[in-house]
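Quick one: structure below, then a few questions.
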Amino acid sequence: MIRIEAEPFDPAAELAAFTARVPGAGAVVSFVGLVRGEDGASLELDHYPALTAKAVAAIGEEARARFGLAGLVIVHRCGALAPGEPIVFVAAAAAHRRAAFHAVDYMMDRLKTEAPFWKREHGPDGPRWIEARVSDVEDRARWG
Amino acid sequence: MATILFFGRLQDAVGTNALAATLPDDVRDTDAVRSWLGSDHPELCDPSVRIAVNAEMTAANRAVGDGDEIAFLPPMSGG
C-alpha cells in the first residue's frame, strides 16, 4: 500500500495496521524517517503528484518481486513539515527476517534518489534546496 | 499550448513553477524544448536535469506538441 500524505501521520498506527494485514508473515521490518531538528529548520517537500504516486508504487512493486514480500507499505509526506515530524514510513513483511530487512533498506535507498520529491529547508539563513547526497547515490548503486 | 512545469531548485532558476507556452514551429521534441528554454535558463541543460512528458519519465528524446505537459526535474530527494 502506497500513500502520499499532506498531513502528519502516526507511524505506530501504520505499523499496527500493517502487521494486522499480514497475519501469515514471519517477519515485519519497518523504518521511520524524521525531519532532523538540529537547527530548528522546517522542511517543505515539493512533489509532482501524477508522477510521484507512480514512481513510489513502482519502487514498492520492484521490492515485492525482488524480495518475495508478503506485503509492504510506503507512506511519504509532502507539503510543510516541522522538525521531528515523520517524513517517511516504510515497512515490509516476509516469511523470514532477512528479506524484510533488505527490502526496507532497498526501498529507502531508491526513495532517496528516485522518488520525485524535492526538499527545501527553511532555516535561519533562508530557504535552501536539498538534493540527494553522493552517499545516497552510492547506497542506491549497491542494489544494481 | 503546452504546459511546462519546473520542480525543486529549477523553480527559483526560472522564476515560476509552471508556464503555458506556445511551442515554436521548430520545437517539436524534448531536446528542442530543452535548448529553447535553456538559452535563457542554462540550468535546464544540465545533464542531471531529467524531463517527464505527461507524467512519464523520458529516457531519450521524444516528440512533444500542443496539449503536452512537459516537466523539468532536477535530482530528486525523497525519504
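The values are calculated or read from the model by the stated rules, or taken from the named source; none is laboratory data. This is a predicted model, so every value here is computed, not measured. Note that each Cβ is placed from the backbone with ideal geometry, even for glycine, and that neighbours are counted across all protein chains shown. These accessible areas exclude ligands, DNA and RNA; they are computed on the full protein's heavy atoms, side chains included. Shrake-Rupley method; radii C 1.70, N 1.55, O 1.52, S 1.80 Å.
Every residue in region A:79-92 that is out of contact with any Ser or Thr (no Cβ under 6 Å at 6 or more places or on another chain) and either part of a loop (DSSP other than H, G, I, E, B) or open to solvent by less than 10 Å² (accessible area, probe 1.4 Å) (or both), please.
Correct list: A:L81, A:P83, A:G84, A:E85, A:I87, A:V88, A:F89, A:V90, A:A92.
Here are A:A95, A:A70, A:A55: which of them is within 17 Å of the chain's Cα centre (by Cα) and modelled with pLDDT of 95 or more?
A:A55
Looking only at residues that are open to solvent by 60 Å² or more (accessible area, probe 1.4 Å) and under 25 Å from A:R120 (Cβ atoms) in region B:44-55, which one is farthest from the other protein chains (Cβ to nearest Cβ)?
B:C45
Out of (1) within 13 Å of chain A (Cβ to nearest Cβ); (2) in contact with a helix residue (DSSP H, G or I) (Cβ under 9 Å, 6 or more places away or on another chain); (3) modelled with pLDDT under 95; (4) surrounded by fewer than 20 Cβ atoms within 10 Å (Cβ to Cβ), the odd one out for B:A60 is which?
All conditions are met except number (1).
Test A:D139 against the criterion of being over 25 Å from A:A6 (Cα atoms) and within 11 Å of chain B (Cβ to nearest Cβ), and give yes or no.
yes
Report yes if some residue within region A:116-135 is modelled with pLDDT under 95, away from every other protein chain (no Cβ under 14 Å) and not in a strand (DSSP E or B); otherwise report no.
Scanning region A:116-135 turns up at least one residue that is modelled with pLDDT under 95, away from every other protein chain (no Cβ under 14 Å) and not in a strand (DSSP E or B).
If you don't mind, there's one more thing I want to ask. Are any residues in region B:15-43 crowded, with 19+ Cβ neighbours inside 10 Å and among the β-branched types (V, I, T), and if so, which ones?
Within region B:15-43, B:V27, B:T30, B:V33 qualify.
Just one of the numbered conditions (1) modelled with pLDDT under 95; (2) assigned to a strand (DSSP E or B) is not true of A:H76; which one?
(1)
Having 1 or more residues that are open to solvent by less than 30 Å² (accessible area, probe 1.4 Å) and out of contact with any helix residue (DSSP H, G or I) (no Cβ under 8 Å at 6 or more places or on another chain) is the bar; report the strands (runs of 3 or more DSSP E) wholly within region A:1-65 that clear it.
Where strands (runs of 3 or more DSSP E) fall fully within region A:1-65 and carry at least 1 residues being open to solvent by less than 30 Å² (accessible area, probe 1.4 Å) and out of contact with any helix residue (DSSP H, G or I) (no Cβ under 8 Å at 6 or more places or on another chain), they are A:42-47.
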